Amino acid sequence: MPAHSAGFEARATRAGTTYDTDLWNQWVSEGAAKSVPGAAEFLAYAKSRGVTPFYITNRDWPDEEEGTMKNLVRLGYPLDPGVDTLLMRGEGAFKSSDKGPRRAHVAQSYRVLLVAGDDLNDFADARDKALAERDAIVDARRDWWGVRWFLLPNPMYGSFERAAIGTDGTPCERLQRKIDALSKDR
């Protein structure tokens, strides 16, 4: 998504929680996320040149579709009324959080010029892969970065955390592993 969740993260912090489903759903329904600077303008320019932007997100369909669409419209992101360009998790055949089938769906009918995302899974199947496997994915497409693939930094969350610190243990133990991982020279 070309909007970021920093507003939600701030709201969760003020509420004294790291993540809360009800709080998340409320935030999404408001359609109040802020845009990544320049993203709406860039995509509007691309649309003016005949490009069809697609938005592939792991937000849940149908529960989060209305708020997400409201947000895209409010921020001025180009949409195509004749094509479903908002491809959400759970929509139609897209049951899993794996974005690969949605990318393939787009590629069946469109030539993909570039992909922008904030997680390696936006570009390739990297879910639950170890750090070395993720490094291999990045290295295998070395020539695509900054040319066809554009990574937008997301300091809030991402699949990189599972690869670096795992999923077992208490929240405090995972936080300590995150601190330890961030302290290491890699």
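The values are calculated or read from the model by the stated rules, or taken from the named source; none is laboratory data. Computed from a predicted structure; not experimentally measured. Using ideal geometry, Cβ is built from the backbone for each residue, glycine included, and neighbour counts are taken over all protein chains shown. Side chains are part of the model used for accessible areas, which takes the heavy atoms of the whole protein and leaves out ligands, DNA and RNA. Shrake-Rupley method; radii C 1.70, N 1.55, O 1.52, S 1.80 Å.
Before moving on, here are some points about what is shown:
- Label point at residue 97 placed 7 Å out along Cα→Cβ; residues across the range 32-56 whose backbone nitrogen lies under 17 Å: 56
- Here is how the number arises for the chain: DSSP H runs of 4 or more residues each give -39500 (n - 2.57), the sum is divided by the residue count, and the result at 222 nm is -12500 deg cm²/dmol.
- Residue 17-residue 73 FRET efficiency (beta carbon distance; Förster radius 25 Å; 0.05 resolution): 0.30
- Value of Rg to Rh for the range 42-107, rounded to two decimals, is 0.97; Kirkwood radius and Rg both from alpha-carbon coordinates.
- With each label modelled as a point 7 angstrom along the Cα→C-beta vector, the residue 80-residue 139 pair spans 3.7 nm.
- Which of 152, 38, 107, positive extreme of dipole for the range 33-186 (C-beta unit charges): 38
- Taking the Cα centre of the range 34-186 as reference, the dipole from Cβ charges on Lys and Arg (+1) and Asp and Glu (-1) amounts to some 360 debye.
- Using 0.36 nm per residue and subtracting the Cα-Cα separation, the extra length available between residue 132 and residue 10 on full extension is 40.7 nm.
- Remark: the range 8-100 carries a charge dipole of roughly 360 debye about the Cα centre, counting +1 on each Lys and Arg Cβ and -1 on each Asp and Glu Cβ.
- Ligands, DNA and RNA left out, the 1.4 Å accessible surface of the chain is 55% carbon and sulfur atoms.
- Computed extension length for residue 175-residue 109: 19.5 nm, one decimal, from 0.36 nm per residue of separation with the Cα-Cα distance subtracted.
- Candidates per trypsin sites (Lys or Arg not before Pro) in the range 52-85, loop by DSSP, up to 11 other Cβ within 10 Å: none
- Spatially close Lys pairs in the range 36-186, defined by Cα atoms under 28 Å apart and a spacing of eight or more places or different chains, total 9.
- For the range 9-73, the Kirkwood radius over C-alpha pairs fed into Stokes-Einstein at 20 °C and 1.002 mPa s yields D = 159 µm² per second.
- Cα radius of gyration and Dmax for the range 40-186 (Å): 17.1, 50
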